[in-house]
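Asker: Below is a structure I'd like to ask you about.
The values are calculated or read from the model by the stated rules, or taken from the named source; none is laboratory data. If you're wondering where the values come from, they're calculated on a predicted model, not measured in any experiment. Every residue, glycine among them, receives a Cβ derived from its backbone with ideal geometry; neighbour counts consider all protein chains shown. Calculation scope for accessible area: heavy atoms of the full protein, side chains included, ligands and nucleic acids excluded. Shrake-Rupley method; radii C 1.70, N 1.55, O 1.52, S 1.80 Å.
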Amino acid sequence: ASHKKPDFRGATNAIKTSKYNFFTFLPLNLFEQFQRIANAYFLVLLVLQVIPQISSLSWFTTVVPLILVLTVTAAKDATDDIRWMDVQVGDIIKLENNQFVTADLLLLSSSEPLNLVYIETAELDGETNLKVRQALPVTGELGDDIENLANFNGEVRCEPPNNRLDRFTGTLSYGAQKYPLDNEKILLRGCTLRNTGWCFGLVLFAGQETKLMQNCGKSTFKRTSVDRLMNVLVLCIFGFLVFMCTILAVGNYIWEINKGSNFTVFLPRENDNSAGFSAFLTFWSYIIILNTVVPISLYVSVEIIRLGNSFYIDWDRKMYYSRSDTPAEARTTTLNEELGQIKYIFSDKTGTLTQNIMIFNKCSINGKSYGLKYTGQKDAVDFSFNPLADPRFVFYDHSLVEAVKLENPEVHAFFRLLALCHTVMAEEKKGELLYQAQSPDEGALVTAARNFGFVFRSRTPDSISIVEMGKQQSYQLLAILDFNNVRKRMSVIVRSPEGKLCLYCKGADTIVYERLHQSCSKMMDVTTEHLNEFAGEGLRTLALAYRELDEDYFIQWKQRHHEASISLEDKDGKLDELYEEIEKDLLLLGATAIEDKLQDGVPHTIEQLSRADIKIWVLTGDKQETAENIGYSCNLLREEMNEVFIISGNSSEDVREELRMFLGQFCPTTSCFFHRQAFALERSMELDFLRTACLCKSVICCRVTPLQKAQVVELVKKYKQVVTLAIGDGANDVSMIKAAHIGVGISGQEGMQAVLSSDYSFAQFRFLQRLLLVHGRWSYLRMCKFLRYFFYKNFTFTFVHFWFAFFCGFSAQTVYDEWFITLYNLMYTALPVLGMSLFDQDVNDVWSFQHPELYVPGQRNLYFSRKAFFKCAIHSCYSSLVLFFIPYAALSDTVRDDGSDVADYQSFALLTQTCLLFAVSIQLGLEMSYWTAVNTFFVLGSLVMYFAVTFTMYSNGMFLFLPSAFPFIGTARNSLNQPSVWLTILLTSILCVLPVVTYRFLTLKSLFFSLNFQVMFKVRQAKVTPPPPPRRARIRRTSSRRSGYAFSHAQGYGDLVTSNRFLRRPAVSLASGFPPVGRTTTGFSPMGRSAGYSPTGRPQNSKVPDVEGTSLQMFRTIADPPL
Amino acid sequence: MVKEEEDSSNRPDNTAFTQQRLPAWQPILSAGIVIPGFVLIGLAFIGIGVGLFLTSRDIQVLEMDYTGADGSSPCSVCYNLADKNCVCTMSFSIDSLIKGPVFFYYGLTNYFQNQRRYGVSRDDKQLYGDTSNFASPNSECAPYQYISNVPIVPCGSVANSMFNDTFELFKNVNGQSLPVPLDGKGIAWWTDYNVKFQNPNVTPLINAFNGTVRPPFWSKNVYELDTTDASNNGFINQDFLVWMRRAALPDFRKLYRRITDGDYSAGLPAGNYSLKIHYNYPVNGFGGKKKVVFSNVSWMGGKNEFLGIAYLVIGSLCVVMSVVMLIVYAKFKFPEDN
C-alpha cells in the first residue's frame, strides 16, 4: 500500500534513500567497488594483461577471481540496499497492528478515535510501556480513503536528519494553512504499532537518515590493529613486488644483451626492439605474474572469517541471558580479532558491574549483628505474619524476626527510624503498596522496615502514616534535615502519636559517631566492629541514631529554622548551622548494611580478566564512596592494596601537586582514585595523569562526565598503543563506547543507547570474559594463523616464479599452468584455510577459562607481527627454493620409463604445481590444531579436487572443446604415472615440512607458544575436561578499617516531600553537558537513572555539577532468585 | 521461581557447530610422535635412496658432443654451416654392451625453449588440423605468421626452429660399416600423436597446404618430412611432435630414435661405431652445444643420480635430527609431567 507523491517537495528534490535502482545498480556499484584501492589495483592488472606485449598470463587468471570478488561484494551491497528499495521519502505507507515501522513517518491518520496510535518504543529506548501519538486533525480526516491519500498534496519542511529521538520540529503546509509538527506526530523507525488497527504515515526520513540509523551511525570507522598492520604489510609487499620485478627486468636486460641477441635466429625480436624496451615490458609482465603476493582473495577471505567468527558470538548459548531472552550480538563484524588483544577495559559501574538493586543484607542493632548470607540451605524468613510485607524481600536471619516479635524496644526503634527517616513516596495500586524512592538505598531500607512490621503507608507534607506491628500510627512530621554530600546524613523530627518529640538520623558512620552522646561509647565500639565487618564485605553502611527533643527547645529551634529558611543571604550556611546544632548528643541505634547487588559473576569475571593481564578501570559518574564500595565488593580493590591514593584536588595546581607526590612515592600495590577528572585531563597534565594511573593496580575514576569518559579512553589510546575496550549500559557511556577500539553495550538495562553505538552487546557483564577469553582469543588466533598461512602459501607460490626466471631468460614465463594459477587461491587452497580459520581452537573454552594467561600473547601481538610476517616470508623463500630446485634437479636431463619426454615444460609445470599443493596442504595440516570432520574433508577434498580438475582440464574432451585454452592435454596422464614424479613430490613435501617440525619442536620451550603448548599437552594427555571451575565464593574479608559508608542520595528531596507539589510532573530537561538521552518522558516515569528530574522545578544547581542527574526512581528490593 | 522457556525465542540453537563443540582430532607435536617419526622417515628415505641410487647407477649412458666448436672435433668443419649439406662422422667405441632397449637422443644446451615469447609462438588450432587457421594463423606466431602475406603453416617460432640434424649409426665390423636400424615410431606422447596434433582431413594431404608456405628455416614442407613413411608426415611427424613439446630448461635432450630392432634388441653390443651426422642446425650464433646420447632406462626413467642422493642425504639428516631432538628432549624434559 504505497503511493508515490511526485509533488512532494518537487520531484527533483526528493531524497533518495536506496542507493541504487535496478538499472543503475551495476554501473554505480562497480564504480564504487573500483574506488577501493585493492580492486582498482586488480583492474590495472587486467588492463596490463590485455596488452599483448606484456601479457604473460591469460586474461582469465585475473578476471575469474576479480569477477568472483566483485559479485560477492555486489551481492552484499544489493542485499543491504534492497531493504530500503521500496520506501522513498514522500511515500505514504500503511501500517497495520503489530507491524514494525520501517522509516520515520509523519502520522497522517489512524483507525482509532482522535487519530491516536499506540506504539512500543522498546527498540529505541528500551521502555516497554506504550506511548501515544496523535495525528493532526486535518490529516486525520483523510482516513483510509486511498483516493484522498493519493491526492494529498502537502509540503513538509523539517529539520535535517539528526539523532535526537525525543525531538522533532517541522511544519506542514497543506492547503493555505501551516501546521506545526512535533515529536507527538512522528513515528520513528524502530517502533512497533500496538493496539491500533491501521494507520497511514508519510515517509519523512528513510534508510540511513532515520533517527534510529543516525543513532547507530559510527562516528568513526573502526579498524583493527591487524587491519592496520595488514595494510602496512600489503604496502611493503607491493614495494617488494616492484623490487623483485626490477631485479627481473634488469636480469632480462642483461640476458637480452648476452644471450637473447644471439638467440634471435630462433626467436627474432619484433621490430628489432632494444634490450631496454624488452626489459621495460618484462617489468610489467612480471608485475602481472608476481601479483599473487598480494592476492585479491586476501581481503575477501578476511571478511568471511570475521563474519563467521561474529556469527559464533551471536550463536553462543553461554552468552545468552534467558531471563531477558537476550542473546549476545556482534553488531560489528570487522573487529573480532581485536577482541583477543584487549589490554585495557573501561567499565561503567551502575548497570554494568551492578544491577542497580540494593538489598538490605545485614544490620547491627544495639550491639548485636543480624543477617546471614544466603548459602542455599537456609530457609528464608517467613513474613506471613505481616500482611503488608513485600513478598520479594528475602532475609535469612530468623533471630531478627524473633527480636521484633519479642518487642525488643531497640529493634523496634531501629525499624521505626527506617520507616520514618526517608523521603520515599508510597502509592497504593490495585491493593499493592508501591514505593517510589529517590535512591535505591532508601527503597531497600524502607522495604526492610516494612517487612519487619514497620510499614510506611503514606505521607502528607506534614505527617507520616506507618503501620507499626499491625497498628496504624500517624507521626507528625515537623522537619526534614535534608541530606547532602557534605552532611552525609539526614534527619527527621517527628512527633509520635504519644506526643513525644524525636529526631531520627541516619548517615555516614564517621559523621554520626561525632555527634553521639558519650553514653554510647561502649556500643560504639561493638558497632564499629560490625561496621568494619560489613565494610569488609563490600556492603554499604549507614549508622542510625536518634535523640529525644525537649519541646521548648524545639519550638525555639523551629522558629530559627523558619527564619533561616526564608533569609535571602547565605540560607544554606545558616540552615547547616542549625542542623548541626540539633543533631548532637544522639543515641546510637545501630547500623544498616546494604548490598549494592553486583551483576552475577562480576568478581569472578574481574579476577579472570586481571589474570589475563587486562587492566580494568572503572569510570563512573557516581560518588567516590559508592565507587569505592563497589571496587571492594567486585575484587577490583583488595584490602592488601593498603595504599589507596585519592586525587581530588579542586584546582589544576592541587591536582598537579597530588600527581607529583604520588609519582614520588609509588608503591606497587596501590589503587588510585580520581575524583573530578577535569583538571587531570588538562593537556599539560594528561601525561602525568596517565603515568600515575598506569602505575596503579586498579584505577577508579569517579564523578566523570560522559565526555571525560571518552577523554580518558582517548588518552590511553593516544599514548599507550594498546587495544582498549569500553563497556557500559547507559546513554552516558555512549561517548566512551564510541571512543574505544571496541565498545560493548550491556543490553536490557537502560534502553538501547549504549547498545546502538556498541560493537558488541550482551545482557550480562560476566559474558565479557567469554567474549574476550574465548571468542576474542580464538578469533585472534584464527586470524593470525590465517594471515601467516595465507602469506606463506602465496609467497611460496610466487617465489617459484622468481627462481624460474633465472632459467627462462627472464621472459616472464610462468612456472605453472595458467588454470592452476587461476584456481590456486580460489579452489585448491581456499576452503582448507577457511576451514582452519573458522574452526581452529588450540584449547577449548573450558581450558581457556582455566588458563586466562593464554590471552597474553594476543596483547603482545605475538602471533602476527612484523617479525612473524618476516619469518613467514623466510619460510616461503625456503619452501619455494625446495619447490623449484628439487623438481629441477629431479627432471633435468631425464626421461620417462619409456624413453620419451618428461623434462618438457608442461610436465615440469605439473610436477611443480603438484609439489606446491602438497607442500602447502601439509603445512596447513601443521598449522591446524583442531581437525574437525569438516577440516579433514576440506583438506583432503581440495587435494582430490585438484586432481579431478587437473585430469579434467588435461583431458582430450576439454582440448577438443577449446584447443587454445587447454594446451596441457595429456600431461597429467603422461607424468603422473611416473614413479620418479611421485618420489619427487614426496621428497619436496618432506623437505618443506622437516625444518618446520624441527624448529617448532626445538623452540617450544622458549617461545610463548610454549604456554599454549603446555596447556594443549595437558589437555591431550588428560583427555578429560577440567574439573568444573569452583564457584568462587566471594573472598571473605573479616574486617576493614575503612568506612563502608555509601549512600546514593541527592539533596533536595526533603523540600519536595514537605512541599505541596505533587509528584507527577513533566520531566525537565537535564543540565547542560549531558548528551541527548533519547527518551521522551511524558508524565513521570520512575525508571532509569537519567530520567532527569529536578525536584525543585528549576535547572539543577549549576554550582555543583552533579553528573548523575538526580532522579526519582522506583526501586524495590528484589530477592535474587537462586541460580 | 525461575520462569524459564516461556519466552526464549531468541535462544541460540544448541548444535555442536554453533556452540563450536564439533568433535575434532587434536594432534600435537609431542616428543613421542616427532622423534620416532623422524627415525621412521629417515630410515624409509635411506631405503628409497639406496634403491634409487643403485638403479640409477645401473643405467648406462653414452654422451658425445658433436658441436664442433673446438677444432679437434670432426664436426668443426660444419660448425659455421658454410656448406649447405655438411656431413660429418663421429667414431666411437663401446666397451661393454649397453643393455636394450637403447634410446638415441639429441641434446641442446643454452637453448631457451622455455622462453615465454618462444613458447607462445605457435598455433595449437592449426596444429590440430583446423584449416581455418591455415589461412590466418594465430597472431602470436608473428613474425613467423606470414611471409609476404602468405600464411606460414606450421606457423611460429617453435615450429620454425625445428631441429633438423639427422643421424645415421653404423657398426664397424671388420672394416665394414653396417647400419644400425633406428626406430622412429612412437617416440612422441600418445596424446600428442593422437589428439593434440592432427592433420587436416584432406587427401592427399598436400592439398590442405595450398596457399600456405613452409616456415622459412625449413628445407622441406611439413607434408613431406618423412620420405620413407607417408603416414609419418604433416603435423603428426614424430620428430616434429618431439620438437614441439618444448623443454622446461635451457639444457635438454630429446628422443631421436630407439634402437630395438633385429640384432640390437638386446642392446648396443661392445664394438666400434660411427655416427654420420647431417649437420644442418646452427648453434654457433648463441653458443649452444649439440650432443647425442645413447642410454637405456630403468623403472624410474632415465639416469638421474640426484634423486637417490637427495633421498640418502635427507634420510640421514632425519636420523641425525632425531638424535639431536632426543638429546634436547632428555636435557630439558618437556613439560609432560607438569
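Asker: Would you confirm, using the coordinates I've provided, whether B:Gly315 is small (Gly, Ala, Ser), under 22 Å from the mean Cα position of the chain (by Cα), over 30 Å from A:Phe263 (Cβ atoms) and modelled with pLDDT of 90 or more?
Answerer: The answer is no for B:Gly315.
Asker: In addition: Give the residues of region A:968-985 that are of a type in the set (A, V, I, L, M, F, W, C), more than 8 Å from chain B (Cβ to nearest Cβ) and buried (at least 18 other Cβ atoms within 10 Å of the Cβ), sorted by residue number.
Answerer: Those that are of a type in the set (A, V, I, L, M, F, W, C), more than 8 Å from chain B (Cβ to nearest Cβ) and buried (at least 18 other Cβ atoms within 10 Å of the Cβ): A:Phe968, A:Ala972, A:Leu976, A:Val981, A:Ile985.
Residues checked against (1) closer than 24 Å to A:Asp897 by Cβ; (2) more than 26 Å from the chain's Cα centre (by Cα):
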{"position": "B:Leu43", "(1), (2)": "no, yes"}
{"position": "B:Gly49", "(1), (2)": "yes, no"}
{"position": "B:Arg57", "(1), (2)": "yes, no"}
{"position": "B:Gly68", "(1), (2)": "no, no"}
{"position": "B:Tyr79", "(1), (2)": "no, yes"}
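Asker: Still on this structure, I have one more. Suppose we filter A:Ala933, A:Ala965 for residues that are surrounded by fewer than 21 Cβ atoms within 10 Å (Cβ to Cβ), small (Gly, Ala, Ser) and within 9 Å of chain B (Cβ to nearest Cβ); which single one remains?
Answerer: Step by step, each of A:Ala933, A:Ala965 is checked, and only A:Ala933 is surrounded by fewer than 21 Cβ atoms within 10 Å (Cβ to Cβ), small (Gly, Ala, Ser) and within 9 Å of chain B (Cβ to nearest Cβ).
Asker: Residues B:Ser316, B:Ser231: which one is of a type in the set (S, T, N, Q), surrounded by fewer than 22 Cβ atoms within 10 Å (Cβ to Cβ), more than 29 Å from B:Leu62 (Cα to Cα) and not assigned by TED's automatic domain parsing to the domain that holds B:Asp183?
Answerer: The conditions single out B:Ser316.
Asker: Kindly list the number of the only condition in (1) open to solvent by 30 Å² or more (accessible area, probe 1.4 Å); (2) within 17 Å of the chain's Cα centre (by Cα); (3) among the polar types (S, T, N, Q) that fails for A:Thr332.
Answerer: (1)
Asker: Could you list, in sequence order, all residues of region A:851-890 that are closer than 30 Å to B:Tyr118 by Cβ, open to solvent by 10 Å² or more (accessible area, probe 1.4 Å) and within 14 Å of chain B (Cβ to nearest Cβ)?
Answerer: A:Leu881, A:Val882, A:Phe885, A:Ile886, A:Tyr888, A:Ala889
Asker: Taking region B:60-86 on its own, how many of its residues are touching a residue at least 60 places away in the same chain (Cβ under 8 Å) and open to solvent by less than 70 Å² (accessible area, probe 1.4 Å)?
Answerer: Within region B:60-86, residues that are touching a residue at least 60 places away in the same chain (Cβ under 8 Å) and open to solvent by less than 70 Å² (accessible area, probe 1.4 Å) number 13.
Asker: Yes or no: region B:23-33 includes at least one residue that is of a type in the set (Val, Ile, Thr), modelled with pLDDT under 90, open to solvent by less than 60 Å² (accessible area, probe 1.4 Å) and out of contact with any strand residue (DSSP E or B) (no Cβ under 8 Å at 6 or more places or on another chain).
Answerer: Yes, because at least one residue in region B:23-33 is of a type in the set (Val, Ile, Thr), modelled with pLDDT under 90, open to solvent by less than 60 Å² (accessible area, probe 1.4 Å) and out of contact with any strand residue (DSSP E or B) (no Cβ under 8 Å at 6 or more places or on another chain).
Asker: Further question: Within region B:152-167, take every residue that is among the aliphatic types (A, V, I, L, M) and within 12 Å of another protein chain (Cβ to nearest Cβ) and give me the one that is surrounded by the fewest Cβ atoms within 10 Å (Cβ to Cβ).
Answerer: Filtering first and then ranking leaves B:Met162.
Asker: Inspect region B:45-55 for any residue being polar (S, T, N, Q) and assigned by TED's automatic domain parsing to the domain that holds B:Pro250 and give the result as yes or no.
Answerer: So far as region B:45-55 goes, no, none of its residues is polar (S, T, N, Q) and assigned by TED's automatic domain parsing to the domain that holds B:Pro250.
Asker: On to the next question. Which condition number does A:Thr798 fail, the rest of (1) closer than 21 Å to A:Gly941 by Cβ; (2) more than 14 Å from chain B (Cβ to nearest Cβ); (3) not aliphatic (A, V, I, L, M) being met?
Answerer: (1)
Asker: Which one of these does B:Asn114 not meet: (1) of a type in the set (S, T, N, Q); (2) touching a Phe, Trp or Tyr at 6+ places or on another chain (Cβ under 7 Å); (3) free of Cβ contacts under 8 Å to residues at least 60 places away in the same chain?
Answerer: Only one criterion in (1) of a type in the set (S, T, N, Q); (2) touching a Phe, Trp or Tyr at 6+ places or on another chain (Cβ under 7 Å); (3) free of Cβ contacts under 8 Å to residues at least 60 places away in the same chain is unmet by B:Asn114, namely (3).
Asker: Answer with yes or no whether B:Gly301 is without any contact (Cβ under 8 Å) to a residue 40 or more places away in the chain and in contact with an Asp or Glu (Cβ under 6 Å, 6 or more places away or on another chain).
Answerer: So B:Gly301 fits the description; yes.
Asker: To continue, here is another question. Hey, could you check region B:282-332 for residues that are within 27 Å of A:Ser975 (Cβ to Cβ) and aromatic (Phe, Trp, Tyr) and say which is farthest from the other protein chains (Cβ to nearest Cβ)?
Answerer: B:Phe294
Asker: A follow-up question, please. Which residues, taken from region B:111-122, are of a type in the set (Lys, Arg) and within 7 Å of another protein chain (Cβ to nearest Cβ)?
Answerer: Once the filter is applied, which keeps residues that are of a type in the set (Lys, Arg) and within 7 Å of another protein chain (Cβ to nearest Cβ), region B:111-122 yields B:Arg116, B:Arg117.
Asker: Has region B:255-271 got any residue that is facing chain A (nearest Cβ under 7 Å), closer than 30 Å to B:Lys84 by Cα and surrounded by 22 or more Cβ atoms within 10 Å (Cβ to Cβ)?
Answerer: Within region B:255-271, one or more residues are facing chain A (nearest Cβ under 7 Å), closer than 30 Å to B:Lys84 by Cα and surrounded by 22 or more Cβ atoms within 10 Å (Cβ to Cβ).
Asker: May I pose another question? Only one of A:Glu498, A:Glu442 is among the charged types (D, E, K, R) and farther than 22 Å from A:Gly1044 by Cα. Can you tell me which?
Answerer: Residue meeting the stated conditions: A:Glu498.
Asker: Applying the selection to region A:874-923, what residues are among the hydroxyl-bearing types (Ser, Thr, Tyr), under 57 Å from the mean Cα position of the chain (by Cα) and within 30 Å of B:Pro101 (Cβ to Cβ)?
Answerer: A:Tyr888, A:Tyr905, A:Ser907, A:Thr912, A:Thr914, listed by residue number.
Asker: Answer yes if at least one residue in region B:87-99 is surrounded by fewer than 17 Cβ atoms within 10 Å (Cβ to Cβ), among the β-branched types (Val, Ile, Thr) and not assigned by TED's automatic domain parsing to the domain that holds B:Asn280, and no otherwise.
Answerer: no
Asker: Among residues belonging to region A:307-348 that are over 17 Å from A:Ser848 (Cβ atoms) and of a type in the set (A, V, I, L, M), point out the one that is farthest from the other protein chains (Cβ to nearest Cβ).
Answerer: A:Ile345
Asker: Can you work out which of the residues in region B:123-145 that are over 22 Å from B:Phe217 (Cβ atoms) and not in a helix (DSSP H, G or I) is nearest to the other protein chains (Cβ to nearest Cβ)?
Answerer: B:Tyr128
Asker: Quickly run through region B:204-228 and pick out the residues that are in a loop (DSSP other than H, G, I, E, B) and crowded, with 16+ Cβ neighbours inside 10 Å.
Answerer: Answer for region B:204-228, where residues must be in a loop (DSSP other than H, G, I, E, B) and crowded, with 16+ Cβ neighbours inside 10 Å: B:Phe209, B:Thr212, B:Arg214, B:Pro215, B:Phe217, B:Trp218, B:Asn221, B:Leu225, B:Asp226.
Conditions tested, residue by residue: (1) buried (at least 23 other Cβ atoms within 10 Å of the Cβ); (2) within 43 Å of the chain's Cα centre (by Cα).
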site: A:Gly431; (1), (2): no, yes
site: A:Glu442; (1), (2): yes, yes
site: A:Ser474; (1), (2): no, no
site: A:Ile480; (1), (2): no, no
site: A:Asn485; (1), (2): no, yes
site: A:Arg515; (1), (2): no, no
site: A:Cys520; (1), (2): no, no
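Asker: Can you say whether B:Val102 is open to solvent by 30 Å² or more (accessible area, probe 1.4 Å) and among the aliphatic types (A, V, I, L, M), as far as the supplied structure shows?
Answerer: Against the criterion (open to solvent by 30 Å² or more (accessible area, probe 1.4 Å) and among the aliphatic types (A, V, I, L, M)), B:Val102 does not qualify.
Asker: Also: Across region B:186-203, which residue is surrounded by the fewest Cβ atoms within 10 Å (Cβ to Cβ) among those that are more than 8 Å from every other protein chain (Cβ to nearest Cβ) and among the β-branched types (Val, Ile, Thr)?
Answerer: B:Thr203
Asker: Right, another one. How many of the residues in region A:596-607 are out of contact with any Asp or Glu (no Cβ under 8 Å at 6 or more places or on another chain) and surrounded by fewer than 24 Cβ atoms within 10 Å (Cβ to Cβ)?
Answerer: Selection size over region A:596-607: 7.
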